[in-house]
1. Inside segment 43-67, can you point out the residues that are exposed (fewer than 13 other Cβ atoms within 10 Å of the Cβ) and in a helix (DSSP H, G or I)?
2. Please verify whether residue 76 is within 30 Å of residue 110 (Cβ to Cβ), open to solvent by less than 40 Å² (accessible area, probe 1.4 Å), without any contact (Cβ under 8 Å) to a residue 24 or more places away in the chain and small (Gly, Ala, Ser), treating the condition exactly as stated.
3. Check segment 55-63 and report whether any residue there is farther than 17 Å from residue 10 by Cβ and of a type in the set (Asp, Glu).
4. Test of understanding: among 90, 71, which residue is of a type outside the set (A, V, I, L, M, F, W, C), touching a residue at least 40 places away in the same chain (Cβ under 8 Å) and open to solvent by less than 100 Å² (accessible area, probe 1.4 Å)?
5. Would you confirm whether or not segment 4-23 contains a residue that is open to solvent by 80 Å² or more (accessible area, probe 1.4 Å), more than 28 Å from residue 110 (Cα to Cα), part of a helix (DSSP H, G or I) and in contact (Cβ under 8 Å) with a residue 24 or more places away in the chain?
6. Any idea which of 34, 75, 47 is touching a Ser or Thr at 6+ places or on another chain (Cβ under 9 Å), closer than 22 Å to residue 18 by Cα, at pLDDT 85 or above and of a type in the set (Lys, Arg)?
7. What tally of residues in segment 12-32 results from selecting those that are more than 22 Å from residue 103 (Cα to Cα) and not basic (Lys, Arg)?
Amino acid sequence: MSRYTGKLGELHSAYTRVVSLWPVDKLRPSHCYKNVLNQQMNLKFEKLSTIHGSQLNQELDRIEQEITALNNLVKSKYRFQNKVSEDITNPASHRGYYTKLLESIDRASQSKDKGKLRID
């Protein structure tokens with residue numbers, strides 16, 4: 001339950017929800033961007049709880065835009081809108097490189113030794 005009321009409370013709940021949906025970094029779980037977003041959110045909302053009037057309205061609009069952008073990233077909106085061509089994902093100079101890279105990242109994230117990425 002949010003300790004903020006009104007519009008600020010609604011935005012805090014929305015921000016909390018979108019941050020909770022942020023994926024965990026498989027290779028560096030201790031350096032997760034979700035933690036950074038949580039820290040930023042707490043600082044922003046503490047600051048917002050002390051201001052009033054038109055300045056507060058401007059900040060609330062900016063926070064709404066941030067929440068929309070984070071939602072779009074979490075839902076991979078831009079990934080689906082802007083498909084990457086086969087020429088980029090599978091360059092003639094190094095066929096299969098990105099496929100092998102992704103497989104290597106998946107293997108490394110499942111193993112205990114996360115420092116070894118092999119792309120042979």
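The values are calculated or read from the model by the stated rules, or taken from the named source; none is laboratory data. This one's a predicted model, so the numbers in the text were calculated from it and none came from an experiment. Here the Cβ is made from the backbone with ideal geometry for all residues, glycine too, and neighbour counts use every protein chain on show. Side chains included, ligands, DNA and RNA excluded: accessible areas come from the protein's heavy atoms. Shrake-Rupley method; radii C 1.70, N 1.55, O 1.52, S 1.80 Å.
1. Passing the criteria: 43, 46, 47, 53, 54, 55, 57, 58, 61, 62, 65.
2. yes
3. Taking every residue of segment 55-63 in turn, none turns out to be farther than 17 Å from residue 10 by Cβ and of a type in the set (Asp, Glu).
4. 71
5. Yes, some residue in segment 4-23 is open to solvent by 80 Å² or more (accessible area, probe 1.4 Å), more than 28 Å from residue 110 (Cα to Cα), part of a helix (DSSP H, G or I) and in contact (Cβ under 8 Å) with a residue 24 or more places away in the chain.
6. Just one listed residue meets the conditions, 34.
7. 9
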